Every structure is written in structure tokens, then in C-alpha cells.
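The values are calculated or read from the model by the stated rules, or taken from the named source; none is laboratory data. Computed from a predicted model, the values in this text were never measured in an experiment. Don't worry about glycine lacking a Cβ; one is built from the backbone with ideal geometry, like all the others, and counts go over all protein chains shown. To get the accessible areas, we keep the full protein, side chains included, count just its heavy atoms, and leave off ligands, DNA and RNA. Shrake-Rupley method; radii C 1.70, N 1.55, O 1.52, S 1.80 Å.
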Amino acid sequence: MSPARNMAALGAGVLFGLGLAISQMVNPAKVLAFLDVGGNWDPSLALVMGGALAVTGVAFRLVLKRPRPMFGDAFAVPTRGDVDGRLVGGAIVFGVGWGLIGLCPGPAMASIAYGMAESVYFLGAMLAGMAAARILR
Amino acid sequence: MENFTPLSALAGGVLIGAAASILLWLNGRIAGISGIVGGLLAPVRDDTGWRALFVLGLILGAVLYRTMGGPLQTIEIETSPILLIAGGLLVGFGTRMGGGCTSGHGVCGLARLSPRSLVATVVFMLSAGVTVAVVRHLLGTTG
């Protein structure tokens, strides 16, 4: 693994974490207010996804026209196109957990910056859930 | 809608999109957090360092925001350990079973017009919305 690839990953991670904090996606209360369409709805986080997609929608197209990534031999992009029960079932299960607490994996990681025990409970369980999914596959 | 924060939401979203684009451009990787973290749980030679550094960066980015005096200095989160653990288990299990989360399917997959990511994103959004509706309005615990 080259230093360039590692530094690129670190830099992209920092930008991503900054984006999660600036957008307040890292705040579970904000996420739950977005998901609570029937309550006192806060549509802000739709603009987080909208802003992100405005960039990736154009940039991914340009980047994937290139023969290879700058620091690698090939793009590691999923090729499957089929929709199966695992995809739908997994999305349902994820949604229940997301709606229960208001944290998805990125914000859960970034929330460590706020130094709360609650993040640790959630993250420990999240890693256990990921390991369980791997074992049961 | 008194808590609507369109500018910071858009700005943060643009940064997230830029981060995902940079990771694809430089390293050829999809910035799906559940996939990146999941890969750390079953380490493959020469495929671990970048994952760990990306996750470290995620945390550093939020730390940087706080030290620079960003307005969001505290977060509000559920306090019941049992609910936190249940939620964590569901999020971890579901994202690996479904092959992605908000970032992998939502931000990266939709940008590639992947039908799998479109279905997954619609389903987890609906599932999360229904869960909040049930918890808040049917069971009436908060808000």
C-alpha cells in the first residue's frame, strides 16, 4: 500500500468528517427530525444528500471515464445490477436501526469526536452487527 | 420547520460529495462507510491501511470542526444503552446484509445510477421514516 493512497484516504476521510459535522448529519436529533415527516419536519438533510449528489453525479461520471485511478490499477466499483432479498431485507433492517437512534455508519464514527459514551455503545454494537452479518452470510 | 438549515446542509453535502469523488478519483474506491469499516473486520493484506486512515480522517474531520469553533458543539443522542445497542446491531447487520448505507448506496450508488442502490436507498429511507413515525407518534415517546 503506497503512502500516496494512504494519504489520499486520510484526506478524503477528513473532508467527509468535516462535511458530516458542518451539515449536522452527525447530530442524531437532527437526523430524526428529518425522518419525522409527520411531525415537526426538518428537511435540511435532504439538502445534504442533494448537495453530495450534485457533486458525485458529475464527478463520478468524469472520473470513471479515466482508464484507472491516480494511485491504483483499477476502479473497485460494484458491478451487480440485480435486486435480491438480501438487499431489500438489509435495507429494511438498517432503516429500523437508523430510525431508532438517528445514526448511520459514517456519522456514528464521526460522533466519536463528541466524546460521548452513547457513541461507544452504538459503535460497539454496530461492529458486532457487521461481524454477525459476515458470519451468517 | 423552524430548525431548517439549508445553507450548512448544502455546504456539508458538497464536502461529502467532494470527499467521495476524491476517493474514487485517487484510489478508485467507493466511499461507502459500512463497506470500508466492514472490510476492517476481515482484514486482507494491503487493503487495511487506507480503510483505517479513512475512518481516522472521518473522526479527525469532526474534531477539526469542533476545535475551529463550529456552531454544533454538542450532539443530542438517545441515552438508553439498550436502545443504543439495539440500534447499533440493526445498523451494522442491515448495512452489511444490504451491501451499503447512506453513503455507499445513497451518495455513491445513486451517482452511478445503480438500480440496486436506488432500491436500497428508497427502502431504508421508508423503513427509517416508518420507524420514527411508530416510535414518536404511535408509541408517543417523544416530540
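How high is the FRET efficiency from B:Val122 to B:Ala42, r the C-beta distance, R0 30 Å, rounded to 0.05? Show your work: numbers first, answer last.
Values: r = 29 Å, r/R0 = 0.96.
FRET efficiency, B:Val122 to B:Ala42: 0.55.
Think of chain A as a dipole: +1 on every Lys or Arg Cβ, -1 on every Asp or Glu Cβ, centred on the Cα centre; then among A:Ser2, A:Ala33, A:Ala52, A:Ser2 lies furthest on the positive end.
Ranking A:Tyr121, B:Tyr65 by solvent-accessible area of protein heavy atoms (1.4 Å probe, all protein chains present), from largest to smallest, gives A:Tyr121, B:Tyr65. Per residue, the accessible area of the range B:78-143 comes to 42 Å² when a 1.4 Å probe rolls over the protein heavy atoms.
What per residue convex hull volume, in Å³, do the alpha-carbon atoms of the range A:1-124 yield? Please list the in-between numbers first.
Details: hull volume 19.8 nm³, N = 124.
Convex hull volume per residue, Cα atoms: 159 Å³.
The label-point distance for A:Ala46 and B:Val134, in a model that sets each label 7 Å from Cα toward Cβ, rounds to 2.4 nm.
Estimated at the nearest 10 Å², the accessible area of A:Arg5 is 40 Å² with a 1.4 Å probe.
Which value does Rg/Rh take for chain B over its C-alpha atoms, Rh per Kirkwood? Working shown, then result.
Details: Rg = 17.0 Å, Rh = 17.4 Å.
With Rg and the Kirkwood Rh in hand, the quotient comes to 0.97.
The largest accessible area among B:Phe4, A:Phe60 belongs to the first residue in B:Phe4, A:Phe60, and the rest follow in falling order (1.4 Å probe, all chains).
Ranking B:Thr74, B:Thr131 by solvent-accessible area of protein heavy atoms (1.4 Å probe, all protein chains present), from largest to smallest, gives B:Thr74, B:Thr131.
Distance between the modelled labels on A:Ala132 and A:Asp84, one decimal in nanometres: 2.1 nm (7 Å Cα→Cβ projection).
The share of C-alpha pairs in the protein assembly as shown whose separation exceeds 22 Å stands at 53 percent. In this structure, the amide hydrogen of A:Ser23, modeled 1.01 Å from its nitrogen in the peptide plane, lies closer than 5 angstrom to those of B:Gly12, counting only residues at least 5 positions away or on a different chain.
When only the Cβ of Lys, Arg, Asp and Glu is charged (+1, +1, -1, -1), the dipole of the range A:12-115 relative to its Cα centre reaches about 400 debye.
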